[in-house]
There are 2 protein chains.
Amino acid sequence: MIIVENPAELRQKVAEWKKSDKKIGFVPTMGYLHKGHLALMREAKIKSDRVIASIFVNPRQFGPNEDLEKYPRDLDRDSQMAEGEGIDVLFFPPEKVIYPEGYQTNISVSNLSKGLCGQSRPGHFDGVATIVTKLFNLVQPDIAVFGQKDYQQLALIRQLTLDLNFNIEIIGHPIVREQDGLAMSSRNRYLTTDDRASATCLYRVLQYSKNTIESEKEYPAELLTDEITEILSKVQGCTVDYIGLVHPISLQPVDKVKSGHVLAVAVYFNQSIRLIDNTTL
Amino acid sequence: MIIVENPAELRQKVAEWKKSDKKIGFVPTMGYLHKGHLALMREAKIKSDRVIASIFVNPRQFGPNEDLEKYPRDLDRDSQMAEGEGIDVLFFPPEKVIYPEGYQTNISVSNLSKGLCGQSRPGHFDGVATIVTKLFNLVQPDIAVFGQKDYQQLALIRQLTLDLNFNIEIIGHPIVREQDGLAMSSRNRYLTTDDRASATCLYRVLQYSKNTIESEKEYPAELLTDEITEILSKVQGCTVDYIGLVHPISLQPVDKVKSGHVLAVAVYFNQSIRLIDNTTL
């Protein structure tokens, strides 16, 4: 594995591979890799001949009061893990290369940026759409793998890819969970021991809702939301950000929840550590 | 020359050429070709091995009260002219292929969209940035040629290309003029005989300003603007939209005009036919 900081060097490598008809897979990350990321890398590895992973903590997808500064970073650890998965190139561009002085372009995917995380994190999805477009243009992959944990992000990137005519297959990888059900996230490490134990509440409400929809076929969204709110209200240190019951593609809220709809939940622990999770019901 | 409507067919052609190391040139147009467009095509032909031209009257770059509906269209004429210039592929996509149902992505280049035409045509440059990004992704050219007549558009596309990491060389081609100095434009055909004769006023104020700056070295922008306004006010049927004296790259207005600055002018004839022109002083 080589670590590349310079876009020109990355392009050269990609051009070489394209010339010899290699299928290129891409896994963009913000680093501080965990088993969820490694699963994406393995998926990319299976589906392509060469895999590029990127690490870039994108300031444009963090709000002014969010955790950009304290977002965990550890390149040595990350590069060992990526190398262990057989990644060919780890692209690690400096911020000023990605956003040089005078940078002024913004990409919005309007409808899919509204609601759910878009509501709580204004500007977040513009940041995502913009950096993904830039990385797609730099890497020029044939496939790109994203985690389903960021369900709204995945839906938005699918739409972006279609809308901007990228010739890239977008692959969504199922959520990778800890043994107790907590979805893997770089932010889990901020949790106190107590909050870490409580954080399984997310998985519990997903399971509860799945079971409800399995037995009921159709269920009022308002009632299910109330029940989830009730369960989460009993969890020490947990504050609900949103509970969304939505159509799987449009992400529009549904009134009557059915199998195939998506439940997406975001909570805060300790008022500051924001965790998200979702499931297809 | 082949006329291609289907993006998949276009991609296949491009992939073939890329495989045999052909350098691909691109000339995007809105059709109703004139000698200005043909000059762009010749430039692309000189600088690349295969040339793709596109014709797409992009609804997203027209305002609600603009001339989208009556914008001139003539594919037969255009394709003969393009073929005459040795264009290899004329890409002519249907609107619903470019903006299918559910389309929702928008691209903004913030600073360069302000002022000049951006002021008079809200949303115009978002439309330009978005369609150019889409076409770049479809065509994947090595070089793309744009006319300097749309000076702000050219500056914005250069910035967009940089900001979104397109690996494309942007070439600006000098304005092609009629014998009497009027810049070539698809919109010139709307002018009445009298207005057509009067429309040389644009070229006259450019020449006047060039001469002024040549002899004066430095000149107050306000004074030059007043002088240009005075000249244009005497032209029958002509209404000034804007007179801009700006920095050639940032497009920020300047107070003291010097050699190297840009004068950009937009006027209306008959309250409806909008003509633009510009020169580097």
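Annotations for the structure displayed:
- Only a single criterion out of (1) in contact with an Asp or Glu (Cβ under 9 Å, 6 or more places away or on another chain); (2) assigned by TED's automatic domain parsing to the domain that holds A:D67 is not satisfied by A:A197, namely (2).
- Taken together, the criteria place B:T229 among residues that are at pLDDT 95 or above and exposed (fewer than 14 other Cβ atoms within 10 Å of the Cβ).
- For A:A8, the conditions (1) more than 14 Å from chain B (Cβ to nearest Cβ); (2) open to solvent by 30 Å² or more (accessible area, probe 1.4 Å); (3) among the hydrophobic types (A, V, I, L, M, F, W, C) are fulfilled apart from (1).
- Residue match in segment B:186-197 (condition: closer than 23 Å to B:A129 by Cβ and not small (G, A, S)): yes
- For segment A:45-60, the candidate set comprises residues that are over 13 Å from A:L90 (Cβ atoms) and under 16 Å from the mean Cα position of the chain (by Cα); within that set, the residue that is least open to solvent (accessible area, probe 1.4 Å) is A:N58.
- Counting only strands (runs of 3 or more DSSP E) that sit wholly inside segment B:42-135, those with at least 2 residues that are within 14 Å of chain A (Cβ to nearest Cβ) and of a type in the set (A, V, I, L, M, F, W, C) are B:105-109.
- Candidate set: segment A:153-167, residues that are out of contact with any Pro (no Cβ under 9 Å at 6 or more places or on another chain) and either assigned by TED's automatic domain parsing to the domain that holds A:P248 or assigned to a helix (DSSP H, G or I) (or both); chosen: the one surrounded by the fewest Cβ atoms within 10 Å (Cβ to Cβ): A:R158
- Long-range neighbours under 7 Å by Cβ, at least six apart or interchain, first residue under 15 Å from B:A266 (Cα atoms) within segment B:198-224, second exposed (fewer than 13 other Cβ atoms within 10 Å of the Cβ): B:S198/B:Q236; B:T200/B:D180
- Test: B:G86 is at pLDDT 95 or above, of a type outside the set (F, W, Y) and surrounded by fewer than 19 Cβ atoms within 10 Å (Cβ to Cβ): yes
- Hits in segment A:136-152 (condition: in a helix (DSSP H, G or I) and aromatic (F, W, Y)): A:F136, A:Y151
Matching residues to (1) open to solvent by 60 Å² or more (accessible area, probe 1.4 Å); (2) more than 20 Å from A:Q159 (Cβ to Cβ); (3) free of Cβ contacts under 8 Å to residues at least 40 places away in the same chain; (4) touching an Asp or Glu at 6+ places or on another chain (Cβ under 9 Å):
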residue	(1), (2), (3), (4)
A:I243	no, yes, yes, no
A:V246	no, no, no, no
A:V254	no, no, yes, no
A:H261	no, no, no, no
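- Within segment A:196-208, the set of residues being under 21 Å from A:Y71 (Cα atoms) and open to solvent by 20 Å² or more (accessible area, probe 1.4 Å) comprises A:R196 only.
- Residue match in segment A:239-247 (condition: modelled with pLDDT of 95 or more, part of a helix (DSSP H, G or I) and of a type in the set (F, W, Y)): no
- Residue selected from segment A:11-32 under the condition under 20 Å from the mean Cα position of the chain (by Cα) and in contact (Cβ under 8 Å) with a residue 60 or more places away in the chain, by the criterion surrounded by the most Cβ atoms within 10 Å (Cβ to Cβ): A:V27
- Hey, B:K149 touching a residue at least 12 places away in the same chain (Cβ under 8 Å), buried (at least 17 other Cβ atoms within 10 Å of the Cβ), more than 9 Å from chain A (Cβ to nearest Cβ) and among the basic types (K, R) or not: yes
The values are calculated or read from the model by the stated rules, or taken from the named source; none is laboratory data. Predicted model, so just to flag it, every value in this text is computed and none were measured. Here Cβ is always computed from backbone atoms with ideal geometry, including for glycine, and neighbour counts include all displayed protein chains. Protein only, heavy atoms only, side chains kept; ligands, DNA and RNA dropped before computing areas. Shrake-Rupley method; radii C 1.70, N 1.55, O 1.52, S 1.80 Å.
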